[in-house]
Amino acid sequence: MTKKTLVLIANGSEEIEAVTTINVLRRAEIEVDVVSIEKNGHDAVKCSRHVRVVPDKSLDDIKNNQYDCVVIPGGNDGSKAIAANVEVGQILTKHYQDGKIIAAICAGPRALLSHKIGFDHKHTITCYPTVRKEFTDGEPYKLDVPDHPVCYSKHIEEGIEKKEYHLVTSQGPGTTMVFALKLIELLKSKDEAIKVKDGLLV
């Protein structure tokens with residue numbers, strides 16, 4: 001079955017993080033919906049360095065969709081907009097509770113904090129260095145050591161039905177390739193991630 005990923009973008013999103021993630025995932029034949037959170041959701045989004053990205057869909061188009069992974073890029077203004085969006089919070093909460101992968105890079109983890117994703121599960125995360133001060137280590141997330149470009153945190157609940165909860169975080173534009181390859185590994189396989197990595201000469 002084809003794996004599906006939702007990449008959320010807003011005015012002010014970091015274009016390297018958004019477009020690189022989209023590109024790398026599609027190389028692994030992962031279906032990616034690029035979705036604008038803006039009111040004019042089908043119009044091009046103006047990213048942090050003025051690159052314009054045309055979304056595939058609007059939030060209204062995908063509100064009933066289920067994805068295997070939801071990705072939040074950074075960018076100061078874009079991440080703040082995503083963090084403040086109520087509908088995004090509902091999407092993140094539903095997918096997290098359903099055991100899907102929630103992934104955020106650079107300033108994107110602000111959205112995890114504002115929408116209270118995984119607060120009860122003591123996840124470890126990373127983010128852009130200057131954004132670390134917005135988090136208190138251990139409350140509600142443990143902060144990973146600064147020299148780890150990507151952090152994958154899984155919480156398992158044992159019971160009548162075993163449940164898993166997943167967060168993937170990364171530091172910034174320069175770590176986007178590793179971030180996207182980690183998502184391929186988790187969504188498909190390590191072999192597929194290596195195949196894409198080799199093709200990219202990473």
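Summary of values
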item	result
Criterion: free of Cβ contacts under 8 Å to residues at least 60 places away in the same chain and among the hydrophobic types (A, V, I, L, M, F, W, C) - qualifying residue of 83, 104	83
Residue among 109, 173, 146 that alone is at pLDDT below 95, touching a Ser or Thr at 6+ places or on another chain (Cβ under 9 Å) and either of a type outside the set (Val, Ile, Thr) or crowded, with 23+ Cβ neighbours inside 10 Å (or both)	146
Top-ranked residue in the stretch 117-143 [being of a type in the set (Val, Ile, Thr) and in contact with a Ser or Thr (Cβ under 9 Å, 6 or more places away or on another chain); ranked as surrounded by the most Cβ atoms within 10 Å (Cβ to Cβ)]	126
Subset of the stretch 1-31 [open to solvent by 10 Å² or more (accessible area, probe 1.4 Å), within 13 Å of residue 71 (Cβ to Cβ) and in contact with a helix residue (DSSP H, G or I) (Cβ under 7 Å, 6 or more places away or on another chain)]	3, 14, 20
Cβ pairs under 9 Å, 6+ apart, first in the stretch 120-144 and part of a strand (DSSP E or B), second of a type in the set (Lys, Arg)	124/142; 125/142; 142/122; 143/132
The stretch 149-160, subset farther than 19 Å from residue 129 by Cβ and assigned to a loop (DSSP other than H, G, I, E, B), residue least open to solvent (accessible area, probe 1.4 Å)	159
Every pair of residues 6+ apart whose Cβ atoms lie under 7 Å, when the first sits in the stretch 48-76 and is without any contact (Cβ under 8 Å) to a residue 60 or more places away in the chain and polar (S, T, N, Q) while the second is open to solvent by 80 Å² or more (accessible area, probe 1.4 Å) and assigned to a loop (DSSP other than H, G, I, E, B)	58/42
Qualifying residue in the stretch 176-185 (condition: in contact (Cβ under 8 Å) with a residue 60 or more places away in the chain, within 24 Å of residue 119 (Cβ to Cβ) and surrounded by 14 or more Cβ atoms within 10 Å (Cβ to Cβ))	yes
Failed item, numbered, when residue 76 is tested on (1) out of contact with any His (no Cβ under 8 Å at 6 or more places or on another chain); (2) open to solvent by 10 Å² or more (accessible area, probe 1.4 Å); (3) closer than 14 Å to residue 169 by Cα	(3)
Residue match in the stretch 21-43 (condition: modelled with pLDDT of 95 or more, part of a helix (DSSP H, G or I), touching a Cys at 6+ places or on another chain (Cβ under 9 Å) and aliphatic (A, V, I, L, M))	yes
Residues of the stretch 32-49 classified as surrounded by 18 or more Cβ atoms within 10 Å (Cβ to Cβ) and under 18 Å from residue 83 (Cα atoms), total	9
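The values are calculated or read from the model by the stated rules, or taken from the named source; none is laboratory data. Note that this is a predicted model, so its numbers are computed, not measured. Reconstructed Cβ throughout: ideal geometry from the backbone, glycine too, with neighbour counts over all protein chains shown. Heads up: the accessible areas ignore ligands, DNA and RNA and are worked out on the full protein's heavy atoms, side chains in. Shrake-Rupley method; radii C 1.70, N 1.55, O 1.52, S 1.80 Å.
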